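The values are calculated or read from the model by the stated rules, or taken from the named source; none is laboratory data. It should be emphasised that the depicted structure is a prediction, and the values quoted were computed from it without experimental measurement. Cβ placement follows ideal geometry from the backbone for every residue including glycine, while neighbour counts extend to all protein chains displayed. In case anyone asks, the SASA skips ligands and DNA or RNA and just uses the protein heavy atoms, side chains included. Shrake-Rupley method; radii C 1.70, N 1.55, O 1.52, S 1.80 Å.
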Amino acid sequence: MQEIPEVVELLYHAWVPAPDPRQWPEELERDPVRGYGLFCFYQGLSLALQLGEACRPD
């Protein structure tokens, strides 16, 4: 396994909030691992799309 770059860790701590079941769909409130994992994935995907759009030439 490759080492996680420092910038990824910095972004993670700046972007990913503490687990909060109120942010998850109701059906995932009783499955915190899956709920938090999907929430983090969604947030990461959203950030990637925003970064991609910001880097596009006009």
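For the stretch 1-18, what are the residues that are under 11 Å from the mean Cα position of the chain (by Cα) and either touching a residue at least 60 places away in the same chain (Cβ under 8 Å) or surrounded by 10 or more Cβ atoms within 10 Å (Cβ to Cβ) (or both)?
Answer for the stretch 1-18, where residues must be under 11 Å from the mean Cα position of the chain (by Cα) and either touching a residue at least 60 places away in the same chain (Cβ under 8 Å) or surrounded by 10 or more Cβ atoms within 10 Å (Cβ to Cβ) (or both): Leu11, Tyr12, Trp15, Val16, Pro17.
How many residues are under 21 Å from Val8 (Cβ atoms) and open to solvent by 60 Å² or more (accessible area, probe 1.4 Å) when one looks only at the stretch 34-58? Can you show your working first?
First, pick out the residues of the stretch 34-58 that are under 21 Å from Val8 (Cβ atoms): 36-55.
In the following step, the residues that additionally are open to solvent by 60 Å² or more (accessible area, probe 1.4 Å) were identified as 38, 41-42, 45, 49-51, 53-55.
Going through the stretch 34-58 one residue at a time, the tally reaches 10.
Return the total of residues in the stretch 19-36 being free of Cβ contacts under 8 Å to residues at least 12 places away in the same chain and in a helix (DSSP H, G or I).
Total satisfying the criteria: 6.
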